[in-house]
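The values are calculated or read from the model by the stated rules, or taken from the named source; none is laboratory data. Predicted model, so just to flag it, every value in this text is computed and none were measured. Using ideal geometry, Cβ is built from the backbone for each residue, glycine included, and neighbour counts are taken over all protein chains shown. Protein only, heavy atoms only, side chains kept; ligands, DNA and RNA dropped before computing areas. Shrake-Rupley method; radii C 1.70, N 1.55, O 1.52, S 1.80 Å.
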Amino acid sequence: MAPSRIAIVTGASSGIGEATARQLAASGYRVVLTARRKDRIEALAEEIIAAGHQAAAYALDVTDRAAVDEFATAFKTIGVLVNNAGGALGADPVATGDPADWRQMYETNVIGTLNVTQALLPALTASGDGTVVVVSSTAGHGTYEGGAGYVAAKHGTHVLAETLRLEIVGTPVRVIEIAPGMVKTDEFALTRFAGDQEKAEKVYQGVAEPLTADDVADTINWAVTRPSHVNVDLLVLRPRAQASNTKVHRDL
């Protein structure tokens, strides 16, 4: 059986997901773009097709298990699943953090990843050469003040990937975790701070070159396109100016 050339990318309407879809399409995959914002992924699919590649758009909320299961019925085999949907809300201390924000972050980053992975794992296995990519964060590997809700969720995402790899060893499916540090995209910090542009800009203030969505997508594309026997268990990437979650060089 020839390997499946279908790659599904969640959270493909912006940022890392959007950039990853473009790069996987350029690498020869038929990309299936999923996100809640139908107009954004349909426009991206049209752009990818116009560039001579293959793409399709499917509006999907990864936290809606019934919808995810329905989506999965369309595929007998797939080659790649990129679990990218997620995000951060707020930067409050534990003492005053909003439990609703914590719950939403857990639902999106952890349960959403679980839903899609469970639903598509049979098709990944049936391909004879499947790859699950989990886009976590350096927040999944270290704590920082004001980030406990997001940190807890991304630790959950990391543990999901690590445990899945143990549980399915011996099957023809790789599990790759990509953990980016400071990435400047149009929406991540803006969403985190509920549209407050000033707070969002302060995250990157004085940092000469934060990572871009394309930097992360390039790393995902590289990991996915390694030979089948090569499993990139965990790849952490940060900008040169960031030594840790709490140590960043800023020219102020």
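Observations
- The spacing between segment 5-62 and segment 151-218, judged by their C-alpha centroids, is 18 Å.
- Relative contact order (%) - criterion: Cα under 8 Å, at least six apart; region: segment 58-194: 31
- Förster-model FRET efficiency, 22 Å R0, LEU252 and GLN197, C-beta, rounded to 0.05: 0.75
- Cut-off 12 Å between beta-carbons: net charge of the residues surrounding SER4, Lys and Arg +1, Asp and Glu -1: +2
- When peptides 180-188, 63-71, 79-87, 225-233 are sorted by average Cβ neighbour count within 10 Å, with the highest value leading, the order is 79-87, 180-188, 63-71, 225-233.
- Quotient of Cα Rg and 2.2 N^0.38 Å for segment 143-211, N being how many residues it contains: 1.46
- Cα long-axis angle, helix 213-224 against the chain (0 to 90 degrees, to the nearest 10): 40
- Sulfur and carbon atoms: percent of accessible area, the chain [1.4 Å]: 52
- Take each peptide in 44-51, 28-35, count the other Cβ atoms within 10 Å of every residue, and average; sorted highest first, the result is 28-35, 44-51.
- Relative contact order, percent, the chain [alpha-carbon distance under 8 Å, six or more residues apart]: 20
- Too-long pairs where the Cα-Cα distance tops 21 Å, listed order kept, from LYS154/LYS184; LYS38/LYS76; LYS184/LYS247: LYS38/LYS76
- Shown is the FRET efficiency for LEU235 and ASP92, computed with R0 = 30 Å from the Cβ-Cβ distance and rounded to the nearest 0.05: 0.50.
- Sites ASP39 and VAL159 - FRET efficiency at Förster radius 35 Å, r taken between beta-carbons, to 0.05: 0.50
- Cα long-axis angle, helix 112-126 against the chain (0 to 90 degrees, to the nearest 10): 20
- Accessible surface area normalised per residue over the chain is 48 Å², counting heavy atoms of protein chains with a 1.4 Å rolling probe.
- Here the mean projected area of the convex hull built on the C-alpha positions of the chain is 13.4 nm².
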